[in-house]
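These notes concern the structure reproduced below.
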Amino acid sequence: MICQGADEELAGYHYFFGAYFKQLIMEWRFNTLLQEMSTYIRKYRSPVAFTYLGLYMAPSFFKNFLARQSHNYTTDDFYQTGRRDTQIKDSLYNPRTLNESLLQHFRYKLEHLLKWEDHNSMWFSLESRVPFLDHNIVEKTLSLPPERLINKATTKVILREAMKGLLPEKIRLRQDKIGFATPWEMWFRTEQFKEFTLDIIKSSSFLDHGYLDVKKCHNAFTMHREGKTNISKEIWKWVNLELWFQTYID
């Protein structure tokens, strides 16, 4: 059983703190805001919530600038064309309330997790379920006031309360979060993946498609191989985009 959806409907990720802080500012609830911020700092000693608060409060032109920095491997022509069509900047990164942020994540991000879960379960011939996505639970949780989801810098408050007496307190109140990550940072530093990746990003079709700045990709891959940076997520995108083009377009 894989419990996809719990973090998206119960504000389990730290960037949801940013949306909650923004809502408190917009509603002039500064006492609650200061209490939540100070508790967050004491608990986590992390800048994540404040980084996202700044992003959510930033003007559109600054979000455009940050978006370009995070997509600096694409060519200018491709980026400028896609920038005019995307809705992500003005929706996913511009929530007015915590609940609105949750709804946006249901629309833009949860579908990817469900796709991966479906692929993984089918690959290993496993039957999986997503009980947190029962429509009754979704309708209830997404209509709750934000304090039932985040309170005293604690996420998924209503779920933790529901599990009181059913789970050991160490588990019920656990605050750290670890995703199901793959070791692709290490993979792309092995000789096998080096040859595989170079065959793709040095191919003529990779250059001709014109979506990625080939020189930047080559330099960045070299830095990754030397352990000077970790761009394994970007390399994964380059490889799969090119393989998709070769399979379905070329």
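The values are calculated or read from the model by the stated rules, or taken from the named source; none is laboratory data. Bear in mind that the values here come from a model prediction, so they are computed numbers and not experimental data. We place every Cβ from the backbone using ideal geometry, glycine too, and count neighbours over all the protein chains shown.
One table, with the values for the structure above:
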item: Residue within the stretch 67-86 that is surrounded by 15 or more Cβ atoms within 10 Å (Cβ to Cβ), in a helix (DSSP H, G or I), on the phi < 0 side of the Ramachandran plot and among the acidic types (Asp, Glu) present; result: no
item: Lone unmet requirement of (1) in contact (Cβ under 8 Å) with a residue 60 or more places away in the chain; (2) assigned to a helix (DSSP H, G or I); (3) surrounded by 17 or more Cβ atoms within 10 Å (Cβ to Cβ) for Gln4; result: (2)
item: Tally, over the stretch 212-250, of residues that are within 23 Å of Arg68 (Cβ to Cβ), aromatic (Phe, Trp, Tyr) and either buried (at least 18 other Cβ atoms within 10 Å of the Cβ) or without any contact (Cβ under 8 Å) to a residue 24 or more places away in the chain (or both); result: 2
item: For Asp176: the one exception among (1) assigned to a loop (DSSP other than H, G, I, E, B); (2) in contact (Cβ under 8 Å) with a residue 60 or more places away in the chain; result: (2)
item: Residue within the stretch 29-41 that is outside any loop (DSSP other than H, G, I, E, B), at pLDDT 90 or above and of a type in the set (D, E, K, R) present; result: yes
item: Residue list for the stretch 205-250, restricted to those being of a type in the set (Gly, Ala, Ser) and more than 25 Å from the chain's Cα centre (by Cα); result: Ser205, Gly210
item: Where Asp199 falls short, out of the listed (1) of a type outside the set (Ser, Thr, Tyr); (2) within 25 Å of Glu8 (Cα to Cα); (3) exposed (fewer than 14 other Cβ atoms within 10 Å of the Cβ); (4) without any contact (Cβ under 8 Å) to a residue 12 or more places away in the chain; result: (2)
